[in-house]
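Reading through the structure tokens given below for one structure.
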Amino acid sequence: MLAIPTLKFSYGNLLLARLRELGSANIEELLGDHATRLFKSGESIENPKARASDCLRFARMLDLVVEDERRFKLTASGITYAENVDPDNPWIVDETQAGVLRDRLSGSAELADDARIALQIISDTTAGWSNDDLGRALAEHSNSGQWQSDRTFESQGARYRELLRESGLINRSGELTEQGVSFLGRQASVWWVNQGATYAKERDGGFLWAPMLNRAGRPQYHWDTMDEVREGDIVLHYSNGSLRAASHVTAAARPAPNPLDDQAWEAAGRLVMSQYQELNEPVALAAIDEGARIRQGSPFTVTGSVQQVYLVRLQGDFVNELAQRFPELAPHLPSVPAAARSTATPAEAPTLPELFRDFAEAVEASGLRFPAGSNLVRSFLSSLLAKPFAILTGLAGSGKMNRTGSDGGSGYWISTSG
């Protein structure tokens, strides 16, 4: 359980507004010649540098500020928060700022898990609880023994209470608000997106984009999932054989024209804004347990390769597998309660007849038709099983590729024209 610095986060509002003006600064530059004006005190502050350091640490724990070689810079969420500081009344948090705090606490911010635990404790506690009650319950839950004095229980309980109140999750009486009830009831979803050649452009723009309809005027379920993405969700980005980034959704889908300068797709589409963070070590598909991929299903095939789909929600068990196996991914992923994990037994490897049946059904569902008695589908699948490589020829726009962006999703589909 993390100890929160300062009593109220809003008491550092002017400091964040100042950082927005400077763009990037160390503590000395932030304080300037009028340090005491940046804090709510009414009196001169004995150690403004320590106060500023406390405020900035709090902001880092909420993913509003990043630090590099003792210089600080606002994140995209931090900029939104700082832009809404009211210069006439800077010691309050307005609804826009509260929404930013809720968004950070629903994602991978350092304080996210502890804030959820505190809110759950409040939800399970009778009315009239004290700050000391909350502090002791938090210390008991963490089982760390780091909070031992009565004063610490009281102060940390008060600080978590103020954070939840400023985030709009509880009211002044300590009762859950509608946002607090919704916050507890919703676990962030984790999504897998196949991007391929469009990865760099979508990463640099901080977005996901998918068309509304294909060239035949039909919707695709793996594009329609864009409408299910919510703020605070996590997206894992797959391109060219590896997971390359994790991102946190900052705005749900809205209608938007094609931003990719690619004529292969219809102009009308959906845009989701997301804050990307590239992995230091991309996670190769082969490094992810094959059995876990098969049990997950879409976006994986019955053999564990990647399907030709764009955006798919991941199951809790698969998310757990990724978090346990890849330490760099773990901080981005929500924890999955043990009770929510399935006890499914490992899936058996599919037989060749099962592979042919599933593939033939997918071909039939796609609308492709072949002459009666044709063995083309069986021959094509047999070729891929013998050597996972195929060259498809045909006119540009005839459907050899799909909007998956990951070398056709499986790496098998290579086009020589269009």
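Laboratory data are not the source of any read-out in this text; all were calculated from the coordinates shown. No experiment lies behind these values; they were computed from the predicted model shown. Positions of Cβ are generated from backbone atoms using ideal geometry, with glycine treated the same way; all protein chains shown enter the neighbour counts.
Obtain the radius of gyration and the Kirkwood radius of region 95-250 from its C-alpha atoms and give Rg over Rh.
Over the Cα atoms of region 95-250, Rg/Rh equals 1.12.
Work out how far the C-alpha atoms of region 155-217 reach from end to end along every principal axis, then list the three figures in whole Å, largest first.
On the principal axes, region 155-217 reaches 57, 27, 16 Å in Cα extent.
Please give, to one decimal in nm, the separation of the simple spin-label points placed at I92 and D204, each 7 Å out from Cα toward the Cβ.
The two pseudo-label positions are separated by 4.3 nm.
If I stretch the segment between E290 and D358 completely, what's the gain in nm (0.36 nm per residue apart, minus their alpha carbon distance), one decimal?
22.6 nm is the gain from fully extending E290 to D358.
Run the quick spin-label model on L385 and E278: label points 7 Å from Cα toward the beta carbon, then report their separation in nm to one decimal.
Using points 7 Å along Cα→Cβ, the separation is 4.0 nm.
Which length gain, in nm to one decimal place, applies between Q120 and A3 when the Cα-Cα distance is subtracted from 0.36 nm times their residue separation? Can you show the working numbers first?
Working: separation 117, 0.36 × 117 = 42.12 nm, distance 1.77 nm.
Extra length from Q120 to A3 when fully extended: 40.3 nm.
Going through region 147-219, which chymotrypsin sites (Phe, Trp or Tyr not before Pro) have at most 15 other Cβ atoms within 10 Å and a DSSP loop state?
none
Taking only the Cα atoms of region 190-340, how large is their convex hull per residue, in Å³? Mind showing how you got there, number by number?
Working: hull volume 16.9 nm³, N = 151.
Residue-normalised Cα hull volume stands at 112 Å³.
Please report the base-10 log of the normalised intensity I(q)/I(0) for region 9-185, using a Debye sum with one equal scatterer per alpha carbon and no solvent, at each q in 0.17 (1/Å).
For the requested q values the scattering log ratios are -1.11.
Between A76 and E140, what is the label-to-label distance in nm when each label sits 7 Å out along the Cα-to-Cβ direction?
The answer from the label model is 4.2 nm.
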